[in-house]
Amino acid sequence: MNTIMAHSAPNDTNGTEQRNMVTIDDLSHEELHTVLDIAARRKATAPAHRERALAGQTMAMLFEKPSTRTRVSFETGMTQLGGHAIFLGPDDIHLGHGEPIRDTALALSQYVDYIIARVFDHSDVVELAEYATVPVINALTDAAHPCQTLADLLTVREHAGSFDTSVAWVGDGNNVCQSFVVGAAMTDLDVTVATPEGYEIDEAVRTRAGELGTAPTETHDPKTAVEDADIVYTDVWVSMGQEDEQDERLKAFEGFQLTSDLVGDRAVMHCLPAHRGEEITDEVLDSEDALVWQQAQNRLHAQNGLLLWLNEST
């Protein structure tokens with residue numbers, strides 16, 4: 001797993017501040033709450049009355065990794081906001097191969113208003129943000145998934161009415177988990193992380209969470225983690241690019257599956273796609289306590305909130 005690098009500093013382009021979101025803490029505490037408030041207000045507004053503030057604007061979508069939710073939510077979001085999205089898959093663009101990343105960033109900045117990147121190496125998004133003269137949004141790297149965290153925090157706040165609640169993460173201390181614990185620290189959300197030994201969150205992430213708020217409680221026992229939790233969150237045990245580790249990982253994560261016995265009547269989150277029968281059972285995923293579809297819908301609203309905020313701030 002890549003380690004999350006220090007959050008990016010705003011670029012200064014012709015005297016104006018350019019904002020990026022490479023990691024969730026590229027937003028300040030206040031800005032994070034503002035983005036969530038914008039998202040909530042837009043979600044609560046009837047579609048016919050939602051503003052189309054990005055009319056005439058274009059987003060470039062650089063995808064090394066495939067995705068259903070990320071692609072559809074961003075493309076749909078730009079359409080709803082009055083803008084246009086251009087999808088550039090792995091056969092359309094090769095970051096750092098054939099053209100340096102800095103040149104890609106500088107060239108795309110001449111054509112588009114936003115760049116989102118869903119790539120393997122976190123440093124590639126950092127470099128895009130360094131050289132682009134338009135906002136760059138991390139749509140997933142091996143180290144971080146800040147857009148998912150925005151949706152997660154919006155979902156938690158909707159469910160609990162505030163951030164005065166507790167979440168247990170059960171599973172891999174992966175990119176989704178790492179972004180979530182940082183976002184949780186920024187909102188004073190109580191989080192306990194249960195992982196097998198060797199699959200913990202990175203030390204740099206733990207330290208950053210402590211600097212921004214409170215570092216998560218960590219354990220290797222799922223039962224201990226969920227005991228006092230209101231919400232239980234999990235993700236796949238074998239992510240894209242880890243297929244050669246599948247047998248080793250499935251063995252390591254024995255006992256970490258979200259079952260009805262472990263979860264009880266607690267609310268459940270999953271960023272999807274789910275490997276049904278591995279990290280979560282059908283019974284739990286399909287239960288009335290599952291927030292996963294609300295969480296998936298909130299990818300659209302949270303990202304629209306971010307785009308509207310960037311449009312106003314840049």
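Observations on the structure shown:
- Total residues in the range 49-71, condition within 30 Å of Ser162 (Cβ to Cβ) and out of contact with any Phe, Trp or Tyr (no Cβ under 9 Å at 6 or more places or on another chain): 5
- Restricted to the range 21-46, and to residues there that are farther than 17 Å from Ala144 by Cβ and β-branched (Val, Ile, Thr), the residue that is surrounded by the most Cβ atoms within 10 Å (Cβ to Cβ) is Ile38.
- Of all the criteria given as (1) surrounded by fewer than 20 Cβ atoms within 10 Å (Cβ to Cβ); (2) touching a strand residue (DSSP E or B) at 6+ places or on another chain (Cβ under 6 Å); (3) touching a residue at least 60 places away in the same chain (Cβ under 8 Å), the one not satisfied by Glu279 is (1).
- Criterion violated by Ala53 - all others in (1) at pLDDT 90 or above; (2) surrounded by fewer than 16 Cβ atoms within 10 Å (Cβ to Cβ); (3) not in a loop (DSSP other than H, G, I, E, B) satisfied: (3)
- Single residue of Ala302, Ala267 found to be outside the structural domain of Ile115 (by TED's automatic domain parsing) and modelled with pLDDT of 95 or more: Ala267
- So Ser166, is it closer than 12 Å to Val22 by Cα, in contact (Cβ under 8 Å) with a residue 60 or more places away in the chain and outside the structural domain of Leu27 (by TED's automatic domain parsing): no
- Top-ranked residue in the range 247-272 [being assigned to a strand (DSSP E or B) and of a type outside the set (Val, Ile, Thr); ranked as farthest from the chain's Cα centre (by Cα)]: Leu258
- If the condition is being β-branched (Val, Ile, Thr) and either assigned by TED's automatic domain parsing to the domain that holds Thr214 or over 15 Å from the mean Cα position of the chain (by Cα) (or both), then the range 25-39 contributes Thr34, Ile38.
- For first residues located in the range 64-84 and under 16 Å from Leu306 (Cβ atoms), partners that are crowded, with 18+ Cβ neighbours inside 10 Å and of a type in the set (Lys, Arg) and lie 6+ apart or on another chain with Cβ distances below 7 Å form the pairs Arg69/Arg299; Thr70/Arg118; Ser73/Arg299.
- Selected residue (only one of Val238, Val191, Val232 is within 22 Å of the chain's Cα centre (by Cα) and either farther than 24 Å from Phe163 by Cβ or without any contact (Cβ under 8 Å) to a residue 12 or more places away in the chain (or both)): Val238
- Criterion: in a strand (DSSP E or B), out of contact with any helix residue (DSSP H, G or I) (no Cβ under 7 Å at 6 or more places or on another chain), of a type outside the set (Asp, Glu) and in the same structural domain as Thr45 (by TED's automatic domain parsing) - qualifying residue of Ile86, Ile116: Ile86
- Matching residues, the range 194-237, being among the small types (Gly, Ala, Ser) and closer than 13 Å to Val182 by Cα: Ala204, Ala209, Gly210, Gly213, Ala215
- Yes/no for Gln297 being in a helix (DSSP H, G or I), touching a helix residue (DSSP H, G or I) at 6+ places or on another chain (Cβ under 6 Å) and within 30 Å of Gln57 (Cβ to Cβ): no
- Some residue of the range 196-210 being among the hydrophobic types (A, V, I, L, M, F, W, C), in the same structural domain as Ala229 (by TED's automatic domain parsing), out of contact with any Ser or Thr (no Cβ under 7 Å at 6 or more places or on another chain) and without any contact (Cβ under 8 Å) to a residue 40 or more places away in the chain: yes
The values are calculated or read from the model by the stated rules, or taken from the named source; none is laboratory data. No experiment lies behind these values; they were computed from the predicted model shown. So basically every Cβ, Gly included, is an ideal-geometry build from the backbone, and we count neighbours across all protein chains shown.
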